[in-house]
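In what follows, a structure is listed as structure tokens, so that the remarks can point back to it.
The values are calculated or read from the model by the stated rules, or taken from the named source; none is laboratory data. This is a predicted model, so every value here is computed, not measured. As a convention, Cβ positions derive from the backbone with ideal geometry for all residues, glycine included, and neighbour counts pool all protein chains shown.
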Amino acid sequence: MELYIFDGSLEGLLTAVFECYTRKSKIIKLVGQAHYVPDVFDAGFHVVSDREKGERVWKGLCAKLGKEWQLRFYQAYLSERPEAFQHLLNFARYVIDRPAGASENYAHPDVLAISQTARQVHREKHRMEAFVRFQKTGDGIYYAHIEPDFDVLPLVSEHFENRYADQRWIIYDLKRKYGLYYDLEKTEEIELGAAPQLSVVNALPAGLLDPKEELYTLLWQDYFKTTNISARKNTRLHVRHVPRRYWKYLSEKQR
Amino acid sequence: MYERIREKLGILADAAKYDVSCASSGSNRKNENKGIGDAEGAGICHTYTEDGRCVSLLKILLTNHCIYDCAFCVSRRSNDIRRAAFTVEEVVELTMNFYRRNYIEGLFLSSGIFKNADYTMERLVRIVKKLRQDERFNGYIHLKTIPGASDELLREAGMYADRMSINLEMPTERGLKLLAPEKSHSEVEKPLKYIQNNITQFESEKALIKSVPKFVPAGQSTQIVVGATTESDKEILYTANAFYRNFSLKRVYYSGYIPISYDSRLPVIGSQPPLIRENRLYQADWLMRFYGFKVQEILDDLHPNLEIDVDPKLGWALRNLDRFPVDINTADYHMILRVPGIGVGSALKIVQARRFNRLHENHLRKLGIAFRKARHFIRYADSPMQLKEYEAGHIKNLILSEGKSKYQSNPDNQLSLF
């Protein structure tokens, strides 16, 4: 078994696949720089991310994979999980070595792992599309922040662009310290100098908000309450759909 | 000002909450005008109430004033409650502001009937028209049809709404007559048929001319109240089935009756809504729509009611043991779909995966089927030798004793008090 260390980027991961073939490595253990603990006995091979090598591998994969599986590959990568990186490497080699269609072999451990991880990431993306709560700021920008379990911002931008084409908005990932800004024309990645101060009821301090914002937060909270049917109370079901870790970002859960 | 609008929303959302429809999918309205909103593809549940129901639309009544006196309805004329009515502008503003903040997928607008059907319907139409034309809103709109409204108004409404619906309320004419003597199923059938005909007509025109506007692109639905009257599950599902067939409905919703009235014809206030029964009806409905079951297979005169302790798919399998076991590695897709514990997704995965390997127990477990339930009905590459055939009651007991059914701990559907 050989130890490969890569920088954690998608390009690096694809480069690692390339190196497997040039170095004729049989079994690889792939580890990200961030999780690598140097070992006296096994120095490991440091993969140098290389755009060209990465692209060749990606092209090779695309030739074997349909659109859906290409997306799954990317989604699984965005899970940021060390074990997913390993599965992606194994999966890429498995697919490249076989005729097209091998990715449908759900009984294969790496195929199954990628499809399951991709699904989890997809669900988190979907939850972010649901749980973003914009607040209108004094200068007319709709602002929301989130802390998703996986790095899903790249997956949600199209959804929000299609939906909110006539308003400027920012969705900011507090955990990964970057966000998306849509300026009515295009969406760009941004980093905010100082992360906005949080208060409990409102994500943004009242001073920054549009004067009507408080009303709509209140109306939404009222609506959430009155639409409930207490004779059907089912907390277990409620929490299954709205996991507690998201509550702090949901204005309707702040009262 | 703040207080008045809060009060109205409180009253008119409260009165609308018994309408269980919450779908915001199935339309095809794209944001092509650089406006706001997109109702293409799957809908999104933005939150869930504490009773676990999805919130995807702003569900409100235009007014809870009503000229009718249906015993099962909170807004009935004789009920002593606070009344309110939104203005057209208020509904538009609420919808837009909720949508812009990503609270909702759109609007579900229903209404009590003030003055007469057309007077009410005309206001509903003004709201949807304003949303689409002035606000360039492309989000989802579900509009309730007011029974008795004129064809012209229905047709105009259909030009702006994504979905329209009209509730059957009681599963049979007999039940409806008992609680709402002024109403009848035929009164529901007429507008359903009219909208259905228009949908068909617009679709056929669309095949010829590209620029035909959308007409109720997400189709129609209806709702049946369960447990207010004495109809059996068979009567309910056969009615649903007939409406699916005759009016090409997208959905039939089943709403467990929550007592809200001291009327002696109805269950007493405080009695539990029939939640398990409601759940079983939805499961049976899914079997009809996605699993290829005929309604006659699910219920007949010998079995007029769905079982409470097992789901309808398992119930069917136990009554039809001669159709099992099913060999996972050779059976056709439709039969795999009928195995208890195997859903649409895993059935598909099974059929794909078995092209590469004969499937063993460990494969099946990992594919995400409910193996403990399914194992009684399937054969796979490493199935254990079966010495004797089990009979249905034995299998059922095995499954029930192994399962962690959420209903077993509280068989009367009592609320747990944590």
Problem set entry | Enumeration of residues in region A:1-40 that are within 27 Å of the chain's Cα centre (by Cα), aromatic (Phe, Trp, Tyr) and under 24 Å from residue A:55 (Cβ atoms) | A:4, A:6, A:18
Problem set entry | Matching residues, region A:68-110, being within 14 Å of chain B (Cβ to nearest Cβ), assigned to a helix (DSSP H, G or I) and over 18 Å from residue A:58 (Cβ atoms) | A:104, A:109
For this session: Please give the number of the condition residue B:107 fails out of (1) within 14 Å of chain A (Cβ to nearest Cβ); (2) surrounded by fewer than 22 Cβ atoms within 10 Å (Cβ to Cβ); (3) hydrophobic (A, V, I, L, M, F, W, C).
Result: (2)
Exercise. Name the pairs: first residue in region A:218-232 and more than 7 Å from every other protein chain (Cβ to nearest Cβ) and more than 8 Å from residue B:51 (Cβ to Cβ), second residue of a type in the set (D, E, K, R) and not in a helix (DSSP H, G or I), Cβ to Cβ under 8 Å, at least 6 apart or on different chains?
Worked result: A:221/A:255; A:225/A:255
Problem set entry | Tally of residues being buried (at least 20 other Cβ atoms within 10 Å of the Cβ), at pLDDT 95 or above and over 30 Å from residue A:250 (Cα atoms) across region B:47-74 | 1
For this session: Scan region B:116-138 for residues that are farther than 22 Å from residue B:32 by Cα and of a type in the set (A, V, I, L, M, F, W, C) and jot them down.
Result: B:117, B:121, B:124, B:125
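If you check residue B:314 against the conditions, is it in contact with a Phe, Trp or Tyr (Cβ under 6 Å, 6 or more places away or on another chain) and surrounded by 21 or more Cβ atoms within 10 Å (Cβ to Cβ)?
So residue B:314 does not fit the description; no.
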For this session: Could you please tell me which pairs satisfy a Cβ distance under 7 Å, a separation of 6+ or placement on different chains, a first residue in region B:20-42 that is within 9 Å of another protein chain (Cβ to nearest Cβ) and in a loop (DSSP other than H, G, I, E, B), and a second residue that is of a type in the set (Gly, Ala, Ser) and crowded, with 19+ Cβ neighbours inside 10 Å?
Result: B:31/A:165; B:31/B:37; B:34/A:165; B:35/A:165; B:37/B:139
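Return the residue satisfying two criteria in turn: it lies in region B:267-311 and is assigned to a loop (DSSP other than H, G, I, E, B) and within 14 Å of chain A (Cβ to nearest Cβ), and of such residues it is modelled with the highest pLDDT. Outline the logic, then answer.
At the first step, the residues of region B:267-311 found to be assigned to a loop (DSSP other than H, G, I, E, B) are B:267-274, B:291-294, B:299-311.
Add one more test, that the residue is within 14 Å of chain A (Cβ to nearest Cβ), and what stays is B:267-274.
Working: B:267: 90, B:268: 89, B:269: 88, B:270: 86, B:271: 87, B:272: 88, B:273: 89, B:274: 93.
Residue satisfying both the conditions and the ranking: B:274.
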Seminar exercise, completed: Conditions (1) buried (at least 21 other Cβ atoms within 10 Å of the Cβ); (2) at pLDDT below 95; (3) away from every other protein chain (no Cβ under 14 Å) -> residue B:353 fails only (3)
Exercise. From the residues in region A:1-32 that are touching a Gly at 6+ places or on another chain (Cβ under 6 Å) and of a type outside the set (Val, Ile, Thr), which one is surrounded by the most Cβ atoms within 10 Å (Cβ to Cβ)?
Worked result: A:14
Problem set entry | Condition check for residue B:70: under 24 Å from the mean Cα position of the chain (by Cα) and more than 10 Å from every other protein chain (Cβ to nearest Cβ) | yes
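What are the residues in region A:124-148 that are charged (D, E, K, R), in contact with a Lys or Arg (Cβ under 8 Å, 6 or more places away or on another chain) and away from every other protein chain (no Cβ under 13 Å), if any? Steps first, answer last, please.
Applying the first criterion (charged (D, E, K, R)) to region A:124-148 yields A:124-125, A:127, A:129, A:133, A:136, A:139, A:147.
Retained after the next criterion (residues that are in contact with a Lys or Arg (Cβ under 8 Å, 6 or more places away or on another chain)): A:133, A:136, A:147.
Residue satisfying the conditions is A:147 alone.
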Exercise. Among the residues of region B:365-382, which ones are more than 9 Å from chain A (Cβ to nearest Cβ) and of a type in the set (A, V, I, L, M)?
Worked result: B:369, B:370, B:374, B:378, B:381
Seminar exercise, completed: Result of the Cβ filter at 8 Å on region A:156-177, keeping first residues that are within 14 Å of chain B (Cβ to nearest Cβ) and touching a residue at least 24 places away in the same chain (Cβ under 8 Å) and partners that are among the charged types (D, E, K, R) and part of a loop (DSSP other than H, G, I, E, B), at least 6 apart or interchain, is A:168/A:183
For this session: Within region B:57-70, identify whether any single residue is free of Cβ contacts under 8 Å to residues at least 40 places away in the same chain and among the basic types (Lys, Arg), and answer yes or no.
Result: no
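One line per residue, one yes/no per condition, for (1) in contact with an Asp or Glu (Cβ under 9 Å, 6 or more places away or on another chain); (2) touching a residue at least 60 places away in the same chain (Cβ under 8 Å); (3) buried (at least 18 other Cβ atoms within 10 Å of the Cβ):
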position: B:16; (1), (2), (3): no, yes, yes
position: B:78; (1), (2), (3): yes, no, no
position: B:82; (1), (2), (3): yes, yes, no
position: B:86; (1), (2), (3): no, yes, yes
position: B:92; (1), (2), (3): yes, no, yes
Problem set entry | The lone exception for residue B:12 - which of (1) within 13 Å of chain A (Cβ to nearest Cβ); (2) surrounded by fewer than 24 Cβ atoms within 10 Å (Cβ to Cβ); (3) in contact (Cβ under 8 Å) with a residue 12 or more places away in the chain; (4) in a helix (DSSP H, G or I) it fails | (2)
